[in-house]
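Structure first, then comments.
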Amino acid sequence: MQKLIFTISIIALLSLPILVNGQTSFGIRGGYSVSSMSYRYSAGRPAVRTGGISAPTFAFVMEHFAGKNAGIQIEIQYLTLGYIQTDTLLVGTNQTELNYLKMPVLSNFYAGKGGRFHIKIGPHFGYLLNATDVQRDFEGPLFLPTYGMPEDNPRKFMYGLTAGAGLSKLFGKSTLEADLRFSYEFGRPETLDRIFDMNSTNIELTLTYLFRVAKLKTQK
């Protein structure tokens, strides 16, 4: 089912008009993200949810409109995912951070003129730059394993779906956007079958500045 949803999202994006006779802007996006993981250490066990990782995130953005109220947005983003897991009996904390280069490819839908409401949705892809075990106080089959050791061999490729909504304001050729986004990862870093199942989610609160470099021919 996850692969089907992901494939449908890609097909929907490819059905957008090509980048011709449109309005194109470039800019930067920055803010904070909070990620967390849930997992089952074996089949039939209830899911265990970990604490979240809070970290800054930033991206280079290209936004293009083939029409006045719909278009596409592509980003190159630096993002930190991971988990913080505590145990009261063992009295300690495990913390792992996974740094990714992520590329969201989002459909954009706007309503309004000078002040606009927008919705963005689409797939994202990414590549693991590095994994760091920040703190490791306990081990065991009931807990998430390390991913920063040479023998851990975490999966490099990430993919999932991103959706968000927000407000934007036009200032001549400039646009300022505020976004709240939610991402779900279909892939997982585990490759050694040490964990039966795991899921990663991420929430981002960001601001984006865009500068228009090309304008719709039909717009006056």
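Kindly evaluate Y83 against the criterion of being hydroxyl-bearing (S, T, Y), touching a Pro at 6+ places or on another chain (Cβ under 7 Å) and not in a loop (DSSP other than H, G, I, E, B).
On the way: hydroxyl-bearing (S, T, Y): yes; touching a Pro at 6+ places or on another chain (Cβ under 7 Å): no; not in a loop (DSSP other than H, G, I, E, B): yes.
For Y83, the condition - hydroxyl-bearing (S, T, Y), touching a Pro at 6+ places or on another chain (Cβ under 7 Å) and not in a loop (DSSP other than H, G, I, E, B) - is not met.
May I ask you to say which residue of I84, I28, I72 is among the β-branched types (V, I, T), surrounded by 13 or more Cβ atoms within 10 Å (Cβ to Cβ) and modelled with pLDDT of 95 or more?
Sole residue among the options that is among the β-branched types (V, I, T), surrounded by 13 or more Cβ atoms within 10 Å (Cβ to Cβ) and modelled with pLDDT of 95 or more: I28.
Looking at the range 199-220, which of the residues that are assigned to a strand (DSSP E or B) and over 17 Å from the mean Cα position of the chain (by Cα) is surrounded by the most Cβ atoms within 10 Å (Cβ to Cβ)?
L210
Going by the conditions given, is S33 surrounded by 18 or more Cβ atoms within 10 Å (Cβ to Cβ) and at pLDDT 95 or above? Break it down stepwise before answering.
On the way: surrounded by 18 or more Cβ atoms within 10 Å (Cβ to Cβ): yes; at pLDDT 95 or above: yes.
Criteria met by S33.
From (1) open to solvent by 40 Å² or more (accessible area, probe 1.4 Å); (2) touching a residue at least 24 places away in the same chain (Cβ under 8 Å); (3) within 18 Å of M37 (Cβ to Cβ), pick out the condition that doesn't hold for D193.
Going through the list (1) open to solvent by 40 Å² or more (accessible area, probe 1.4 Å); (2) touching a residue at least 24 places away in the same chain (Cβ under 8 Å); (3) within 18 Å of M37 (Cβ to Cβ), D193 breaks only (2).
The values are calculated or read from the model by the stated rules, or taken from the named source; none is laboratory data. Just so we're clear, the structure is a prediction, and the values are computed from it rather than from any experiment. Neighbour counts run over all protein chains shown; Cβ positions are idealised from the backbone, glycine included. Note: areas computed on protein heavy atoms with side chains; ligands, DNA, RNA excluded. Shrake-Rupley method; radii C 1.70, N 1.55, O 1.52, S 1.80 Å.
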